[in-house]
Amino acid sequence: MYRDPENGRHLCREHFLADIEIRVAETIRSRNLIVKGDHVAIALSGGKDSTALLMILTKILPSLDSVRLSAITIDEGISGYREDTIRSADRLVVRYGIPHITVSFPELFGGTLDAFLKGREPEACSVCGILRRKALNGAAEQAGATKLATGHNLDDESQSVFMNVLRGDLPRLVRDSGSDSQGRFIPRVKPLMFVSEKEIAVYLMLHGMWADLPECPYAVHALRGEVRRMLATLESKHPGTMLNLMKSKAKIEAQCGGLLMKETVNRCRECGDPCSGEICQFCKLKKSLKR
Ligand code: SF4
Ligand code: ZN
């Protein structure tokens, strides 16, 4: 029996699983995240969130006409961490019969993340994020996908809201929504954005799919880690904190969204990718990478 701390509901196994799937289907429907005819590429790291995302989408999408699913795994080259999750991703796609592409940083960028980060470990997540975005977009385009689905959950999303507030980054706070389709790359969608990390863990356990995978060794350097711990404490003392952060963001978005629509999207002078300035973040970063 699962007790929902926010509203005190008690759910048996069947109702808990159905509740999660219905909520994800409702997020997809109400925000038009996935529509008839879409080819959805799932960013499958093999970790908990993307595993649950794949399981839920394979369950609920057949009700949407002619939607195709595939999976993309990025091997960043993080020793002692990525090997296990990649094995897990490989097993999952075989089990669910989903076409799968794996691309690695060495083949795309000439070196592993471990090598690029020597001496600049505190920047790990921003370097990793820029390279992974480039890799995912390239692979999704190659696969002919029309949407790129990521496993970001409610905890991730509320942490991002809080971090953008802490950094005073209003444009990113508003732009970073459940569906990023402002003419940039293949639109990204986050169907799990209202499902908490805890619910995802329970969902996987009830399916016998829980695996205690290692944490990324670079996670300790991230501001996100501190925000994560703080929000988790607040959520356990005051259930609903994370959802309230998302609601605050939606209100700010409703007030300021129009301003950001006026932002122009340029093409990077060096690689031609969409970007807001003259040179994209990837091209700026690439010059400083040690191989
Ligand atoms: Fe990349 Fe940071 Fe995530 Fe590790 S924790 S996989 S470095 S974004
Ligand atoms: Zn570029």
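The values are calculated or read from the model by the stated rules, or taken from the named source; none is laboratory data. No experiment lies behind these values; they were computed from the predicted model shown. Note: ideal-geometry Cβ built from the backbone for every residue, glycine included; neighbour counts use all protein chains shown. Surface accessibility is based on the protein's heavy atoms, side chains included, excluding ligands, DNA and RNA. Shrake-Rupley method; radii C 1.70, N 1.55, O 1.52, S 1.80 Å.
Can we say R167 is within 13 Å of ligand 1 (Cβ to nearest atom) and exposed (fewer than 15 other Cβ atoms within 10 Å of the Cβ)? Against the criterion (within 13 Å of ligand 1 (Cβ to nearest atom) and exposed (fewer than 15 other Cβ atoms within 10 Å of the Cβ)), R167 does not qualify. Taking the criterion of being within 16 Å of ligand 2 (Cβ to nearest atom), open to solvent by 10 Å² or more (accessible area, probe 1.4 Å) and free of Cβ contacts under 8 Å to residues at least 12 places away in the same chain, would at least one residue in the range 175-182 satisfy it? No, the range 175-182 has no match at all.
Every residue, every condition in (1) in contact with a helix residue (DSSP H, G or I) (Cβ under 7 Å, 6 or more places away or on another chain); (2) of a type in the set (A, V, I, L, M), yes or no:
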| site | (1), (2) |
| --- | --- |
| K147 | no, no |
| L154 | yes, yes |
| Q159 | yes, no |
| N164 | yes, no |
| F194 | yes, no |
| P217 | no, no |
| H221 | yes, no |
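Answer yes or no as to whether I20 is open to solvent by less than 50 Å² (accessible area, probe 1.4 Å) and under 22 Å from G208 (Cβ atoms). Here the answer is yes, as I20 does meet what is asked.
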